[in-house]
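The values are calculated or read from the model by the stated rules, or taken from the named source; none is laboratory data. This structure is a prediction, so every number in the text was calculated from the model and none was measured. Cβ placement follows ideal geometry from the backbone for every residue including glycine, while neighbour counts extend to all protein chains displayed. Side chains included, ligands, DNA and RNA excluded: accessible areas come from the protein's heavy atoms. Shrake-Rupley method; radii C 1.70, N 1.55, O 1.52, S 1.80 Å.
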Amino acid sequence: IIAGLRKRYPEVECALNHSSALELLVATILSAQCTDVRVNMVTPALFQKYRSATDYAAANPEVFEQEIKSTGFFRNKTKSILGMARAVIERHGGTVPNTMDDLVKLPGVGRKTANVLLGSWFKKNEGVVVDTHVTRIARRLKLTRQSDAVKIERDLMKLVPRNEWTDFSHMVIHHGRQICDARRPKCEVCP
């Protein structure tokens, strides 16, 4: 499976545009229940205006809600992002932490978000990103019978070599967008 995905997607990377750990963290929080395409439309203006955790922490919540409204769930995302920024300042001196333990203690950050940041920015394979595409495809390929993301991640971590965890996630996500669609999978062209 990995060889077939690697052949189809040789240059995989995170689909969220970013140039820092903080930008990736904000973009990943925004990506919940939203397409990466939409997030990438919203983040350029955000990243221009908010350049540090201090900038996010000082943001007016009502203004911020309007700036991210098109990503959906904007009230919860505002609370998460502004709370995350305050926690990064208070607990980590304004620098985004680089451990799973520290990341998942930040508001709005669960294992999926932490795995995105650790793998894509810090180049640490601490786990497998399990989003809707990974869930669907792992189940279709009979790599898991689970429906809970944490249990799916555990199953995949046992099967996929650790050095492949980040790339595997990116390849499966790309595959889910391009070929293994939820409603009409293109099985005839599946590698």
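See the values below:
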{"read-out": "Karplus 3J(HN,Hα) series, Hz, for segment 140-153 with 6.51 cos²θ - 1.76 cosθ + 1.60 (x for Gly, Pro)", "value": "4, 7, 6, 7, 7, 10, 6, 10, 7, 4, 5, 5, 4, 4"}
{"read-out": "Largest-first ordering by accessible area, 1.4 Å probe, given options 139, 111", "value": "139, 111"}
{"read-out": "Charge context of residue 33, other residues only, Cβ under 11 angstrom, K/R +1, D/E -1", "value": "+1"}
{"read-out": "Three-way shape call for segment 144-190 based on the alpha-carbon gyration tensor, with the a/c threshold at 1.5", "value": "oblate"}
{"read-out": "Ranked order, 2, 137 - accessible area, probe 1.4 Å, largest first", "value": "2, 137"}
{"read-out": "Residue with peak Gaussian network fluctuation, the chain [Cα springs, cutoff 10 Å], from 171, 84, 157", "value": "157"}
{"read-out": "Accessible carbon and sulfur surface of segment 1-156 relative to its total accessible area, %, 1.4 Å", "value": "50"}
{"read-out": "Interchain or long-range residues, amide H under 5 Å from residue 99's placed H", "value": "none"}
{"read-out": "Helix-only [θ]222 nm of the chain, DSSP H runs n ≥ 4, -39500 (n - 2.57) each, per residue, nearest 500", "value": "-17000 deg cm²/dmol"}
{"read-out": "Alpha-carbon centroids, segment 1-76 and segment 102-121: separation in whole Å", "value": "13"}
{"read-out": "Estimated vicinal HN-Hα couplings, Hz - segment 177-191 in sequence order (Karplus 6.51, -1.76, 1.60; Gly, Pro = x)", "value": "7, 9, 10, 8, 4, 4, 8, 10, x, 9, 4, 5, 10, 6, x"}
{"read-out": "Which label in [x] 19.3; [y] 18.4; [z] 17.2 gives the computed Kirkwood radius over Cα pairs in Å", "value": "[z]"}
{"read-out": "Cβ-derived FRET efficiency at R0 41 Å, residue 162 paired with residue 69, nearest 0.05", "value": "0.55"}
{"read-out": "Per residue, in Å², the accessible surface of segment 32-137 once ligands and nucleic acids are set aside, probe 1.4 Å", "value": "49"}
{"read-out": "Gaussian network model of the chain, Cα within-10 Å springs - most flexible of 79, 105, 142", "value": "142"}
{"read-out": "Solvent accessible area, Å² - residue 187, 1.4 Å probe, full protein context", "value": "100"}
{"read-out": "Percent RCO, i.e. relative contact order, over segment 52-191, from Cα pairs under 8 Å lying at least 6 residues apart", "value": "16"}
